[in-house]
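Here's the structure, in structure tokens; my notes come after.
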Amino acid sequence: MDTVNTNSLKMDFLSSTALSSQTSMEKISMIVDKVKNGDLVVMEGGLSPGEEAELIETTMREIDVENFMGIDIYTLEKDKKSFFGLSKSKTIGITIIGPANVMKAVKKKSNFLSMIANLGDSGASMH
């Protein structure tokens, strides 16, 4: 285990390829474990609506007001363009998942996210 430093934040970046070989439950378990350790998970793409619902349900069962307050999920979408350059549909570009007591969204638009991580007095274990 890494040395604990309350002034730093561990971020894990996961490609869609790395996640494609995992089952839904494996993804959810891995995300919950990382977030409970105080890590931020940045994923290329995102979870299916069913996986996101299961992640939230699993998180609700794991909440411990002393050590784990829950999660926040933020997604940035990108437009898929049709043949004539018109917006056809939106797909998830990246998803950021982290401890609720650490993440604080400052500004969110469909293609922009500015976030502050509250470290030190958050009560979460940091790496």
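FYI, it's all coordinate maths here, none of it is from the lab. What you see is a predicted model; the values in this text were computed from it and never measured. For neighbour counting, all protein chains shown are included, and Cβ atoms are generated from backbone atoms with ideal geometry for every residue, glycine included.
Extension gain for the segment SER21 to GLU57, taken as residue separation times 0.36 nm less the Cα-Cα distance, is 10.7 nm to one decimal.
Counting charges near GLU62 (Lys, Arg +1; Asp, Glu -1) among other residues having Cβ under 14 Å from its Cβ returns a value of -2. With neighbour counts taken as other beta-carbon atoms within 10 Å, the residues PHE13, PHE112 rank, fewest first, as PHE112, PHE13.
Pairwise alpha-carbon distances in segment 18-57 exceed 16 Å for 29% of all pairs. For the pair PHE112 and ASN67, the difference between a 0.36 nm per residue extended length and the Cα-Cα distance amounts to 13.2 nm.
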